[in-house]
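To keep things clear, I will list the structure first and then write my remarks on it.
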Amino acid sequence: MAFYGYDQAIYPVDSALGYLARAEAAQTPEDMADYILNARRTLPESGNPVWAFPTARTDFGYIQAELDNMLSRANSISSMEPYSAEYNTGMNDIRLSLRAMQEDLVEAMPYLYVSTTNIMLSSVWIAIILLLFVIMRRGRARYREEYENQ
């Protein structure tokens with residue numbers, strides 16, 4: 001159950017962070033656009049993992065829109081001549097945006113652990129552990145009762 005919760009809530013955002021880091025380090029706008037597209041596919045389409053006091057920085061809908069903007073900027077930069085001032089300025093602009101987005105996703109990461117699915121799975125695990133303690137206590141009480149009667 002723990003692996004399922006991680007696989008459904010945390011892993012997609014973690015792999016999107018990896019794609020965004022690769023996009024930031026990419027040398028060409030085409031590679032950058034490929035990594036951004038992969039990150040866009042792995043992130044949720046909408047929603048905000050922060051329940052209490054949600055912000056636009058952690059809203060997946062806004063993050064998806066910003067990824068679309070970065071993708072179009074990378075595609076438009078690819079038509080420019082490499083090593084020109086415009087090309088380098090555009091690449092640096094996208095890299096700074098990618099860095100900021102990575103920080104926003106890292107900020108949202110702890111709140112993903114507190115999803116409805118993870119809360120339910122944790123409750124099930126706690127109930128099972130408490131049930132085991134009750135069963136062990138009853139078994140020990142029966143053993144003591146039988147031992148004292150002999």
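Only the coordinates and a few stated rules stand behind these numbers; no lab work does. From a predicted model like this one, the values you see are computed outputs, not experimental measurements. Neighbour counts run over all protein chains shown; Cβ positions are idealised from the backbone, glycine included.
Quick notes on this structure:
- Test: residue 144 is in a helix (DSSP H, G or I), charged (D, E, K, R) and crowded, with 16+ Cβ neighbours inside 10 Å: no
- Each residue in the range 80-94 was checked for being under 14 Å from residue 32 (Cα atoms) and surrounded by 15 or more Cβ atoms within 10 Å (Cβ to Cβ), and 4 of them qualify.
- Taking the range 100-132 as the range and being loosely packed, with under 13 Cβ neighbours inside 10 Å and touching a residue at least 24 places away in the same chain (Cβ under 8 Å) as the test, the residues that pass are 106, 117, 124, 125.
- With respect to the stated conditions, residue 65 fails to be part of a loop (DSSP other than H, G, I, E, B) and out of contact with any helix residue (DSSP H, G or I) (no Cβ under 7 Å at 6 or more places or on another chain).
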